[in-house]
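Computed from the coordinates by the stated procedures, all read-outs in this text should not be read as laboratory data. The structure displayed is predicted, hence computed values, not measured ones. Note that each Cβ is placed from the backbone with ideal geometry, even for glycine, and that neighbours are counted across all protein chains shown.
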Amino acid sequence: MHTINRRTFVKAVAGTAALAVSEPRAATAASSGAVFLSTWVQGKAANERAAEVLKSGGTLLDAIEKGINTAEDDPNITSVGYGGLPNAEGEVELDAAIMDGTRHRAGAVASLRKFKNPISVGRLVLEKTRHTTLAGDGAFRFALQMGFRPQQLLTPESLKKWLEWKADPKHQTFWLNPTDNHDTIGMVGTDGKGHMVSGCSTSGLAWKIPGRVGDSPLVGCGVYADDNVGAASATGDGDLMTNYCTSVSIVHTMARGASPQEACEELLQQMVKTDPANRSAEAAVIAMNNRGEIGAASMQKGFHLKYALWREGQSQFLESVKLY
Ligand code: ASP
């Protein structure tokens, strides 16, 4: 396991803090081409699609959006978009956000019903409005206005799973008695010219209390991107991770001189420092700096993040470092 040498890191932080803020972007820009990094098995198709979009002239934002669409469109991924498992009332509610590291602006939707591509709706919140996040009924009406077509998001399989859950008299709920089913797609990328984007899309926790908003659509939690430094995203127990503002914390740690890997591990260690019980938390994070260097870490072996990396035409599926 790769661990942070705190003394070295703190020294590096002290030495590079001034540099990180004052250095012009060009001096830290990547020169090695595009890199895409995504969570879980669905990340591979997402990265490959993103690389195609960028190659065919799309922007980095287009690439991340279209990459994430591949997971949202896939009915077999039960934690994102179409086929995502529903809330306790049997309704699929989707959360997503996309953040542009150049403009330092994001677009997000929370608790969006009936539209399978929340990342694309979030993208239009970014491009067409002065707002950052739209939720619930307002997000629904915005999506309609933007020309998205509402549809049933339950598949026969997800409906069957919900009916089974509902019929089980001992079924777990989120009234302080958690269940787990989550595998959000979180994605970060660079175009190789110092531009950074972060995106995240999820149906959230299966059987969640209606209206629950996780970390994924919250700027600084599920996504964060800053061209001057890098980008990060998160997956896992969003109710826990929201309280640690995971993605912005990681990017700020990188700004102070940490590598993406050090910054990911530092964040998870911070969670344990505040509460040792977090050693068993379902929490995993990914990060990339603006030179295309990457990091990925999971808190513990029971929630071991596998991630996809696309670099120089090579698509790989790898295992993250786990802390406990
Ligand atoms: N973080 C997501 C949420 O809590 C779930 C996940 O990452 O799988 O909504």
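So here's what we get for this one:
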read-out	value
Estimated [θ] at 222 nm from DSSP helical runs (n ≥ 4, -39500 (n - 2.57)) normalised by residues in the chain, nearest 500	-10500 deg cm²/dmol
Global form of the stretch 48-99, assessed from the alpha-carbon gyration tensor, a/c cut-off 1.5	prolate
Rough spin-label spacing in nm, given labels placed 7 Å along Cα→Cβ, for Glu89 and Lys55	4.5
Proxy reagent accessibility, fewest Cβ within 10 Å first, across Phe36, Phe303	Phe303, Phe36
In nm, spacing of pseudo-spin labels at Gln270 and Arg130 (7 Å Cα→C-beta vector)	3.2
At 1.567 mPa s and 4 °C, Stokes D of the stretch 123-277 from Kirkwood alpha-carbon radius, µm² per second	73
Within the chain: Cβ-based charge dipole about Cα centre, in debye rounded to nearest 20 (Lys, Arg +1; Asp, Glu -1)	320
Residue among Ala263, Ala232, Ala135 with the largest mean-square fluctuation in a Gaussian network model of the chain, springs linking Cα atoms under 10 Å	Ala135
Computed lengthening from Lys301 to Asn243, 0.36 nm per intervening residue step minus Cα-Cα distance	18.7 nm
Selected from Gly147, Gly236, Gly136 as most flexible by GNM, with the chain as the system and alpha-carbon contacts under 10 Å	Gly147
Anisotropy class of the chain from Cα gyration tensor, a/c 1.5 cut	oblate
Dipole axis of the stretch 138-297 (+1 Lys, Arg; -1 Asp, Glu on Cβ), positive-most option in Trp162, Ala232, Met271	Trp162
Within the stretch 48-76: backbone nitrogen closer than 13 Å to the Met146 label point (7 Å, Cα to C-beta)	62, 65-66, 69
Reciprocal of mean inverse Cα separation for the stretch 46-132 (Kirkwood radius, Å)	13.3
Angle between the chain longest axis and helix 260-274 axis [Cα atoms, degrees, rounded to 10]	60
Amide H within-cut-off set for Ser79, under 5 Å, with H built and near neighbours excluded	Leu85
Relative contact order, percent, the stretch 89-243 [alpha-carbon distance under 8 Å, six or more residues apart]	29
DSSP beta bridges in the chain [antiparallel fraction, %, rounded to 5]	90
Per-residue Cβ neighbour rank within 10 angstrom, fewest leading, Phe115, Phe317, Phe142	Phe317, Phe142, Phe115
Cα Rg, Dmax, the stretch 71-215, angstrom units	15.6, 55
